[in-house]
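Asker: The structure follows.
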Amino acid sequence: MSQVIVIASGKGGTGKTTVCASLAVSLANKNKKVLVVDCDSGMRGVDLMLGVDNRLVYDMSDIVCGNCDINSAVYQVRDLPLYVIAAPISADDEIAKKVFKQFIDKLKGNYDYVLIDSPAGTGTGFDIASYACDRAIIVVNAEPISIRGGQTIRRKLLDLGIEDIRLLINRFDKERFYMMGMYADLDEVIDAVGCRLIGVIPEDDRINALSQRGYIGLHWSPCEVIFDSIVCRVEGYDAPLLIE
Ligand SMILES: Nc1ncnc2c1ncn2[C@@H]1O[C@H](COP(=O)(O)OP(=O)(O)OP(=O)(O)O)[C@@H](O)[C@H]1O
Ligand SMILES: [Mg+2]
């Protein structure tokens, strides 16, 4: 049965889009059929990170408004079983949450996983993205403002009745973390956000460079192995956390 997972965070820039694109590539490499839907109207980015931006003609608003059929606005990533629907280029074209949910419900049967890239915060973009999902991954950086944002997102998701919520700690830098002196260890971060850990991705310049150039999955990065292990956990299997 297909699963719809929203990738969310309270604070901006925690790495949601990077995580969404990387998990999508890892799932597709395991032969899962994946659809990534960008919900960040006005600030879309998944198309760039997955390298389909220069082919984009239509986005989600074109499908909903009837300017094109669904297939014309679904862009395949390389030769992978991975597809992208871009967010509208203008925030004015944001789609109503009930319409978006109907749209996702109609599409999801064709895919093993639908990953929704939410904008930061708890505004309408998050409302729309979370209304359509069954599960959630909250992306935080191990620092107080980001963690507080994670708590807020968790509460909002619980209010919506979403119980399968996992925590992904991104851009982890051990030295920086202990120098900050706010938390004794990562367990304190996990307890503070209040949901089960699904993985820890280190700060890695390579992932930054690859994502900016649309090269995720094309060139090897040390984080790939970690994303692969997170994907095992997404699928419900045990896998080592690979935290150094
Ligand atoms: N593990 C990482 N190591 C190094 N850089 C990273 C890592 N994860 C993300 N980045 C970088 O952090 C920046 C923000 O990432 P990204 O756009 O994915 O965040 P976001 O949460 O989607 O932001 P927004 O809230 O604006 O949507 C990008 O430059 C990205 O390349
Ligand atoms: Mg983003």
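Each reported figure results from applying straightforward, stated rules to the coordinates on display, with no laboratory input. Small disclaimer: the values here were computed from a predicted structure and weren't measured. When we count neighbours, we look across all protein chains shown, and the Cβ atoms used for this are built from the backbone with ideal geometry, even at glycine.
Asker: Given the pairs Lys32/Lys106; Lys30/Lys156; Lys97/Lys174; Lys30/Lys98; Lys33/Lys174, which are separated by over 30 angstrom at their Cα positions?
Answerer: Lys30/Lys156; Lys97/Lys174; Lys30/Lys98; Lys33/Lys174
Asker: Another question about this same structure. Which order do Arg196, Arg154 fall in if you start with the one that has the fewest other Cβ atoms within 10 Å?
Answerer: The order, fewest Cβ neighbours first, is Arg196, Arg154.
Asker: Of the residues Asn54, Asn29, Asn141, which exhibits the maximal mean-square fluctuation in a Gaussian network model of the chain defined by a 10 Å Cα contact cut-off?
Answerer: Maximum fluctuation in the GNM of the chain, among the listed residues, is at Asn54.
Asker: Which number comes out as Rg/Rh for the chain once both Rg and the Kirkwood Rh are worked out on C-alpha atoms?
Answerer: Result for the chain is an Rg/Rh of 0.95.
Asker: Would you mind telling me which residue in Met49, Met179, Met60 has the biggest mean-square fluctuation in a Gaussian network model of the chain, where springs connect alpha carbons within a distance under 10 angstrom?
Answerer: Greatest mean-square fluctuation among the candidates belongs to Met179.
Asker: Something else: Please build a GNM for the chain, connecting alpha carbons under 10 Å apart, and tell me which residue among Tyr178, Tyr83, Tyr111 fluctuates the most.
Answerer: Of Tyr178, Tyr83, Tyr111, the Gaussian network model singles out Tyr178 as fluctuating most.
Asker: Let me ask something else. Would you grab the residues whose amide H sits under 5 Å from the one on Arg171? Only those 5+ places off in sequence or on another chain, please, with H modelled 1.01 Å from N.
Answerer: Long-range HN contacts for Arg171: Ile201, Glu203.
Asker: Something else: Based on the mean of other Cβ atoms within 10 Å per residue, sort peptides 61-70, 161-170 so the most packed one is first.
Answerer: Highest mean packing first, the order is 161-170, 61-70.
Asker: Between Val99 and Asn54, what is the FRET efficiency for a Förster distance of 25 Å, r being their Cβ-Cβ separation, to the nearest 0.05?
Answerer: Efficiency, rounded to the nearest 0.05: 0.30.
Asker: Would you grab the residues whose amide H sits under 5 Å from the one on Ile216? Only those 5+ places off in sequence or on another chain, please, with H modelled 1.01 Å from N.
Answerer: Amide H to amide H, under 5 Å and 5 or more residues apart or across chains, Ile216 pairs with nothing.
Asker: Near the amide H of Val4, under 5 Å away, which other amide H atoms are found, from residues 5 or more places off or on another chain, if H is placed in the peptide plane?
Answerer: Residues meeting the amide H criterion: Val114, Asp134, Arg135.
Asker: Starting with the fewest neighbours, write out Glu94, Glu143 ranked by other beta-carbon atoms found within 10 Å of each beta-carbon.
Answerer: Ranking Glu94, Glu143 by Cβ neighbours within 10 Å, fewest first, gives Glu143, Glu94.
Asker: Okay, next question. Can you list the equivalent-ellipsoid semi-axes of segment 44-87, largest first and in whole Å, using the square root of 5 times each Cα gyration tensor eigenvalue?
Answerer: Square roots of five times the eigenvalues give 18, 11, 7 Å.
Asker: For each of Lys33, Lys174, Lys16, count neighbouring Cβ atoms within 10 Å of the residue's Cβ, then give the residues from fewest to most.
Answerer: Ascending Cβ contact count within 10 Å gives the list Lys174, Lys33, Lys16.
Asker: Follow-up. Taking the convex hull of the Cα atoms, report for segment 105-244 its projected area averaged over all directions, in nm².
Answerer: So the mean shadow area of the Cα hull is 9.5 nm².
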